[in-house]
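Q: Have a look at the structure that comes next, please.
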Amino acid sequence: MELTRRDFLKASAAAAAFAAAGAPGLAPRLASAADDKGIKWGKAPCRYCGVGCCVLVGVKDGKIVATKGDPAGPVNKGLNCIKGYFLSKALYGKDRLTHPLIRKGNKMVKASWDEALNLIASKYKEAIAKTGPDSVAIYGSGQWTVFEGYTASKLFKGGIGTNNIEPNARLCMASAVAGFMSTFNSDEPMGCYDDLDLGDTYILWGANMAEAHPVLFSRLIDNKLKNKKVKIIDIATRKTRTTQMADEYIPMYPQGDLAAVNAIIHVILRDKLYDEAFVKQHVNFKRGTENQPYGLKDKENAKEEPKPLTFDEYKTLMKPMTPEWAEKLSGIPAKKIEQLAHIYGDKSRKVNSLWTMGVNQHVRGTWVNNLIYNIHLLTGKICKPGENPLSLTGQPSACGTAREVGTFSHRLPADMVVMNEAHRKKTAEIWGIDPKKISPKPGLHTVEMFRAIDRGELKCIWIQCTNPFQSMPNLSRYRKAAQARKAFIVVSDIYPTKSTEVADVILPSASWVEKEGVFGNTERRTQQWFKMVEPPGEAKEDTWQLIEFAKRIGHGGLFPYSQKNFYKEMWEEYRKFTVGTGKDLAPYETYFKVRGLRWPVKSNGQETRWRYTEVDDRYVKKGEGVKFYKGVGGKANVWFRPYEPPAESPDKEYPFWYCTGRLLEHWHTATMTGRVPELRRAMPGATLEIHPEDAARLGIKNRDKVKVSSRRGSLVLTAEINGRGKPEKGNVFTTFFDETKLINDLCIDAFDPISKEPDFKKCAVKIEKA
Amino acid sequence: MPISGVVVSCRPGREAEVAEQARLVPGVEVHGTLPNGQLVAVIEAASVHTEVDLASQLEQLDGVISVQVAYHNFEDVVQQGGADGTDEA
């Protein structure tokens with residue numbers, strides 16, 4: 001029998017699947033001979049979400065022709081989710097941007113790089129000269145590589161002298177950062193994905209892991225199938241694919257988490273389910289500032305002024321937060337809250353909490369993060385293998401770039417902040433600049449940055465790697481401001497988006513394996529990859545774009561890296577920020593072979609799976625057990641955080657809760673996944689999920705057109721009843737990926753006063769048959 | 001024609017029944033059932049379009065928890081130029 005190339009490929013496909021399933025011995029014999037014929041494989045982290053799956057990219061004749069789940073990758077162990085299916089194709093859409101474009105009236109015309117960069121430089125220079133460095137800004141993302149974020153931060157904070165640099169991560173997990181910083185004084189989790197394999201109890205707070213983090217959810221399900229004790233509890237406002245695999249689904253009112261978690265803590269204290277010795281040794285008690293504004297007025301500001309508490313004072317404050325009290329606010333029956341408290345407090349159970357946007361995109365998101373940590377700190381179920389709280393992230397380098405490099409308007413690398421003189425001094429030393437160059441005043445946070453465009457205060461903004469003119473809440477205000485040409489807007493991207501639509505200059509970028517890069521995922525894993533294919537046309541990487549711009553405004557000297565060792569030299573400079581701080585990164589070459597390493601990387605080159613414990617973290621001495629060494633006195637903070645209502649709740653006129661989110665098949669604003677026809681077909685446009693009883697009452701049938709209106713705008717969507725997701729009564733849900741339905745027009749731009757992260761999960765709408 | 005190798009995770013004890021159903025889907029070859037309740041299948045279709053539809057069909061079979069992709073080759077699709085010849089972004 002003659003064997004064709006197809007026979008070989010099929011054998012390879014089967015072999016890879018057998019290997020990933022843990023049975024390589026069953027693979028067809030043909031496979032080994034076939035696999036590499038003409039294909040060169042390179043490793044990279046997946047381009048899409050924050051899970052950071054390890055993939056192998058197959059290149060032939062300068063094009064990506066195949067992808068594999070990386071069998072050597074500990075995150076996903078050889079398997080990708082459906083978005084991985086489309087990974088490489090996301091680069092090959094017909095409308096890829098391939099040359100710079102400059103606005104001439106209503107038209108965008110082709111320009112050379114020189115023309116485009118000279119124009120940007122002249123606009124920035126003019127604004128800085130006339131209205132000062134704080135009248136210009138850059139807005140990036142958690143999809144920036146470490147190099148891109150580092151270049152932007154150094155240029156704006158250390159060169160131009162403004163802290164007006166923000167990542168879209170402000171809209172995504174700023175509350176997680178604020179939660180980590182206020183509780184542990186160090187960002188990012190103590191645990192890691194191994195906890196998904198080693199624990200036996202998983203409590204999900206408003207997280208649809210099956211769709212938003214499918215590979216991690218598969219790990220959880222694998223654990224469940226192997227271990228009968230494993231229990232998954234899904235607490236949410238909507239039934240999802242996650243619910244289908246959970247042991248228990250507990251419906252909850254929006255904002256109900258604030259009350260429910262407090263009542264769980266009440267029961268833990270009342271029934272003495274806490275670990276007295278752990279609390280005594282590792283915990284301080286604090287109370288923050290309450291009744292802070294929701295940021296609905298421009299320039300409205302809040303200040304957190306913490307006060308210390310004793311354990312007894314804290315217990316007294318927690319007394320009124322009974323399960324009965326919480327039942328009214330959360331809709332969770334008091335008995336259920338008692339049960340949850342006893343599950344958390346059960347010494348024979350290894351309990352993990354998991355959450356993401358439901359907790360973070362919340363007007364009191366920092367508080368809910370604090371409260372979940374409170375439970376784990378009080379019960380001592382933290383810093384132990386298989387037993388931890390884990391804040392999940394959404395973007396591939398939200399952790400590596402936005403958080404670790406510190407591309408927020410108040411942050412510097414490695415958890416440092418611009419407000420702290422010693423931090424500015426250390427930064428200036430590494431950057432080789434005068435410490436006075438770094439402003440001690442935090443820059444504009446994201447919502448204020450876009451409001452400042454509307455107010456005419458921000459003259460120039462450069463957007464890279466994200467799509468704010470689709471993803472901002474209360475969107476129409478910001479779109480109108482841009483359309484009125486109130487600021488000079490530069491957008492670097494790989495496809496046309498709702499943001500390039502309002503740009504004055506569009507720059508074509510290189511993406512993913514068209515450049516060298518580093519991403520950092522949810523579990524502190526730093527992953528490096530090399531360039532594998534050329535970007536199309538004249539597209540250039542964002543780092544190059546920024547440095548060429550820097551040269552034109554007199555800051556080229558900040559980037560003295562050689563052409564030959566460009567990335568290595570920049571990495572080693574950045575790494576200086578991390579060494580000895582508990583956030584230690586390894587020398588650049590270390591990352592070439594490994595499938596990432598979780599920081600702090602030890603002096604012997606080993607990674608750290610669990611932080612703050614002598615079991616694994618070299619910053620904790622033998623005999624110390626657990627030590628929160630970044631905190632004051634080596635302790636973490638338990639915060640008193642009461643219930644406060646959302647910024648807007650349903651009323652007679654707008655009787656429904658409006659919640660937004662995403663689906664398995666689409667990622668972010670779908671500028672990459674929307675280009676892939678299969679993904680569009682599976683879920684072609686945004687729909688409005690509604691409870692069948694609500695629909696019946698309004699005379700709405702499945703697939704009917706409905707008009708959804710909030711105080712900020714209205715749009716027509718197709719009703720979806722008993723579809724993939726099923727919201728609770730009084731709630732509707734829609735997705736933000738569809739650029740033909742700007743659903744964020746309806747969202748309120750209220751935000752958490754501490755994290756400044758907007759609440760995309762709660763506002764009031766009315767529904768009518770269209 | 002694109003080819004992919006997938007791992008189908010089944011609810012405990014349902015793998016034989018899922019394998020039987022999966023074999024009836026044209027374009028899907030079941031290569032084996034593993035002791036841990038997973039199936040290995042190869043999907044071959046005229047376009048990535050159809051290939052994904054087939055993967056979705058597998059995911060919707062009663063008894064299936066998830067379908068994950070281990071390997072995806074679309075070398076001849078790329079050679080035709082464009083994403084898969086039908087990309088209308």
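Q: Report the residue, chosen from B:Glu29, B:Glu17, B:Glu59, that carries the largest GNM mean-square fluctuation when chain B is represented by alpha-carbon nodes joined by springs under 10 Å.
A: Ranking B:Glu29, B:Glu17, B:Glu59 by mean-square fluctuation puts B:Glu17 first.
Q: Nearest 0.05, what FRET efficiency do A:Lys272 and B:Arg11 give at R0 = 30 Å with Cβ-Cβ as r?
A: Numbers: r = 40 Å, r/R0 = 1.33.
Step by step, r from the Cβ atoms, then E = 0.15.
Q: Can you give the extra length, in nm with one decimal, that the chain gains between A:Ser714 and A:Met419 once fully stretched, where that is 0.36 nm per residue apart less the Cα-Cα distance?
A: Contour length minus the Cα-Cα distance gives 102.1 nm.
Q: Based on the Cβ-Cβ distance from A:His410 to B:Glu20, what FRET efficiency comes out when R0 is 56 Å, to the nearest 0.05?
A: The pair A:His410/B:Glu20 has a calculated efficiency of 0.40.
Q: Each residue of the stretch A:753-770 in order: what ³J(HN,Hα) in whole Hz does its phi give by Karplus 6.51 cos²θ - 1.76 cosθ + 1.60, θ = phi - 60°, with x for Gly and Pro?
A: Once rounded to whole Hz, the list reads x, 8, 8, 6, 8, x, 9, 8, 9, 8, 7, 9, 9, 10, 10, 9, 5, 7.
Q: At 222 nm, what value in deg cm²/dmol follows for the protein assembly as shown if DSSP H runs of at least 4 each add -39500 (n - 2.57) and the sum is divided by all its residues, to the nearest 500?
A: The helix contribution divided over the protein assembly as shown gives -8500 deg cm²/dmol.
Q: Also: Near the amide H of A:Asn284, under 5 Å away, which other amide H atoms are found, from residues 5 or more places off or on another chain, if H is placed in the peptide plane?
A: A:Ala636, A:Asn637, A:Val638
Q: Could you tell me the center-to-center distance, by alpha carbons, between the stretch A:183-238 and the stretch A:43-102 in angstrom?
A: 25
Q: State the extension gain, in nm to one decimal, for the chain segment bounded by A:Glu126 and A:Asp61, taking 0.36 nm per residue of separation less the distance between their alpha-carbons.
A: Details: separation 65, 0.36 × 65 = 23.40 nm, distance 4.57 nm.
Length gained, A:Glu126 through A:Asp61: 18.8 nm.
Q: Then there's this: Under 5 Å between amide H atoms, partner at least 5 residues away or on a different chain: which partners does A:Gly713 have, H built in plane at 1.01 Å?
A: none
Q: In this model, which of A:Lys229/A:Lys726; A:Lys226/A:Lys729; A:Lys239/A:Lys480; A:Lys498/A:Lys707; A:Lys83/A:Lys761; A:Lys319/A:Lys381 are farther than 26 Å apart at the alpha-carbon?
A: Those over the limit are A:Lys229/A:Lys726; A:Lys226/A:Lys729; A:Lys239/A:Lys480.
Q: Take the cross-link list A:Lys63/A:Lys224; A:Lys531/A:Lys583; A:Lys384/A:Lys583; A:Lys350/A:Lys635; A:Lys350/A:Lys621 and give me the ones stretching past 31 Å between alpha-carbons. Intermediate values should be presented prior to the final figure.
A: Working: A:Lys63/A:Lys224 40 Å; A:Lys531/A:Lys583 26 Å; A:Lys384/A:Lys583 19 Å; A:Lys350/A:Lys635 22 Å; A:Lys350/A:Lys621 24 Å.
In this structure, A:Lys63/A:Lys224 lie more than 31 Å apart at Cα.
Q: In nm², what is the average projected area of the convex hull enclosing the Cα atoms of the protein assembly as shown? The partial results should precede the final answer.
A: Numbers: hull surface 135.6 nm².
Seen from a random direction, the Cα hull of the protein assembly as shown projects 33.9 nm² on average.
Q: Taking R0 as 41 Å, what's the FRET efficiency between A:Asp247 and A:Lys593 from their Cβ-Cβ distance, rounded to 0.05?
A: Efficiency, from the Cβ-Cβ distance: 0.55.
Q: For a quick check: with amide H placed at 1.01 Å from N, whose amide H comes under 5 Å from A:Leu97's, ignoring anything fewer than 5 positions away on the same chain?
A: Counting only residues 5 or more places away or on other chains, the set is A:Tyr495.
Q: Could I have the simple spin-label model distance between A:Glu768 and A:Asp312, label points 7 Å from Cα toward Cβ, reported in nm to one decimal?
A: Computed distance between label sites A:Glu768 and A:Asp312 equals 6.1 nm.
Q: Mind listing the phi-derived Karplus ³J(HN,Hα) values for the stretch A:243-248, rounded to whole Hz, using 6.51, -1.76 and 1.60 with θ = phi - 60°, and x for any glycine or proline?
A: These are the phi-based 3J(HN,Hα) values: 4, 4, 9, 7, 6, 8 Hz.
Q: Hey, another quick one. Hey, what did the stretch A:102-240 get for relative contact order, percent, Cα under 8 Å, at least 6 apart?
A: 15
Q: Next up: Within the stretch A:336-442, report the chymotrypsin sites (Phe, Trp or Tyr not before Pro) that DSSP leaves as loop and that have at most 15 other Cβ atoms within 10 Å.
A: Here no loop site has a sparse enough neighbourhood.
Q: Through the Karplus equation 6.51 cos²θ - 1.76 cosθ + 1.60, θ set to phi - 60°, convert the phi angles of the stretch A:620-630 into ³J(HN,Hα) values in whole Hz; use x for Gly and Pro.
A: Those phi angles translate into 10, 6, 4, x, 7, x, 9, 8, 7, 5, 8 Hz.
Q: Would any residue of the stretch A:472-509 have its amide N under 17 Å from a label point 7 Å out along Cα→Cβ of A:Trp113? List them or say none.
A: Counting backbone N atoms under 17 Å from the label point, the list is A:491-494, A:506-509.
Q: Taking 7 Å along the Cα-to-C-beta vector as the label spot, tell me the A:Lys531-A:Trp41 distance in nanometres, rounded to one decimal.
A: 2.5
Q: Something else: What is the fewest-to-most order of A:Met321, B:Met1, A:Met190 by other Cβ atoms lying within 10 Å of their Cβ?
A: Ascending Cβ contact count within 10 Å gives the list B:Met1, A:Met321, A:Met190.
Q: Right, next: Pulled fully out, how much extra length does the chain show between A:Arg697 and A:Asp95, if you take 0.36 nm times their separation in residues and subtract their Cα-Cα distance?
A: Between A:Arg697 and A:Asp95, full extension yields 212.3 nm more.
Q: Further question: To the nearest whole number, what is the average tally of beta carbon atoms from other chains within 10 Å of the beta carbons of peptide B:5-17?
A: Across the residues of B:5-17, the mean count of other-chain Cβ atoms within 10 Å is 4.
Q: Sticking with this structure for a sec: How many partner chain Cβ atoms sit within 10 Å of a residue's Cβ in peptide A:66-74, on average, as a whole number?
A: Average neighbour count from other chains, rounded to a whole number: 3.
FYI, it's all coordinate maths here, none of it is from the lab. Bear in mind the structure is a predicted one, so any value in this text is a computation, not a measurement. As a convention, Cβ positions derive from the backbone with ideal geometry for all residues, glycine included, and neighbour counts pool all protein chains shown.
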